[in-house]
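Scroll down for the structure; my scribbles are underneath it.
All of the numbers you see were taken from the coordinates with simple rules; none came from a lab. Because the structure is a prediction, the values reported are computed rather than measured. In this analysis, Cβ positions are derived from the backbone assuming ideal geometry, glycine residues included, and neighbour counts consider all displayed protein chains.
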Ligand code: ADP
Ligand code: MG
């Protein structure tokens, strides 16, 4: 588990911060950044940089590779969190971090507030947290963790989610209002509603079913498939209005497996309503939806907004790899196990 090391945030001197930023810069092309390079990038005197490196290492914002004599450091997830939160607090998007309300394999979700006490959601993407040690094929494991890939992939997932949330929001889809993002973190409106999975009784199941299927169809006419349209990612207000969340796996209807993803989204709703809410309604068919009049191509808009095909492919390749390894029954390894301390440990 990677916790947010909020306490350490207050204690960093400007030199420490420069040094941390230098490690991030160096990480773009070095898995472990040589200390000499960090000093250079930080533009600090050698002695002052060495002191900062020791402080950052102690607070676990950077780390040495285990069992290595190599004089260099890599950024830890805590270090990356620090840089992102620092940027977000500077822009006044975040003032205080509150409770953690979600822990997934690939994200942590917190309630945060701004200076006026208004609450938001902070979602931290954590791709590459779980790596797999394959029994069959060790190469896959290695490929999985090449240079800085967790940082790059987590940043990519956040950029993708923010871009799609913004476009959907601007086109009148019921999604949280996106506020800001930095690196692997995004800030959005807190939706004061319950996930569908936590709801056993809906006043009007037919109305909700119709709305949800209507959303899947409208998305597809705009060229998009949510890709994870299930009871965990649908929040429902007391009024019965749904809000859709969680967008890093969205795909275009021009994707080779688009029909598969579309059918899977539809099936999730059909299944949940039949099993839990005892309701069955009409099931939209891929062919019928594709034959409908097209609406503005939002998949192309997303691409134009800075999330391009190459990046989409990279994320997809990562997910594909994770899925394969899981199916193979590969051993899961928490890359960051023991990297970040519990709160009491920082007390020292
Ligand atoms: P994951 O990738 O971990 O599934 P989600 O975006 O689905 O991430 O968020 C995980 C959980 O956090 C959701 O199931 C929901 O309960 C809560 N959550 C996420 N975003 C919001 C939001 N904007 N408002 C309220 N709750 C949220
Ligand atoms: Mg989710």
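For the chain, treating each Cα as an identical point scatterer without solvent, what Debye log10 I(q)/I(0) comes out at q = 0.12, 0.14 1/Å? Relative scattering, expressed as log10 I(q)/I(0), comes to -0.94, -1.21. By the count of neighbouring beta-carbon atoms within 10 Å, fewest first, 185, 49 end up ordered 49, 185.
By the count of neighbouring beta-carbon atoms within 10 Å, fewest first, 153, 122, 301 end up ordered 301, 153, 122.
When only Cα pairs below 8 angstrom with a gap of at least 6 residues are kept, segment 194-307 shows a relative contact order of 35 percent. The value of relative contact order for the chain, using C-alpha pairs under 8 Å at least six residues apart, is 17 percent.
Structure remark: mean-square fluctuation, Gaussian network model of the chain, C-alpha springs under 10 Å; the largest value among 321, 69, 308 belongs to 69. Neighbour counting of Cβ atoms within 10 Å sorts the residues 108, 257, fewest neighbours leading, into 257, 108. To the nearest ten degrees, helix 149-170 and the longest principal axis of the Cα atoms of the chain are 40 degrees apart. Against the chain, whose longest principal axis is taken from its Cα atoms, helix 205-221 shows a tilt of about 70°.
With contacts taken as Cα pairs under 8 Å and at least 6 residues apart, segment 1-112 reaches a relative contact order of 24 percent.
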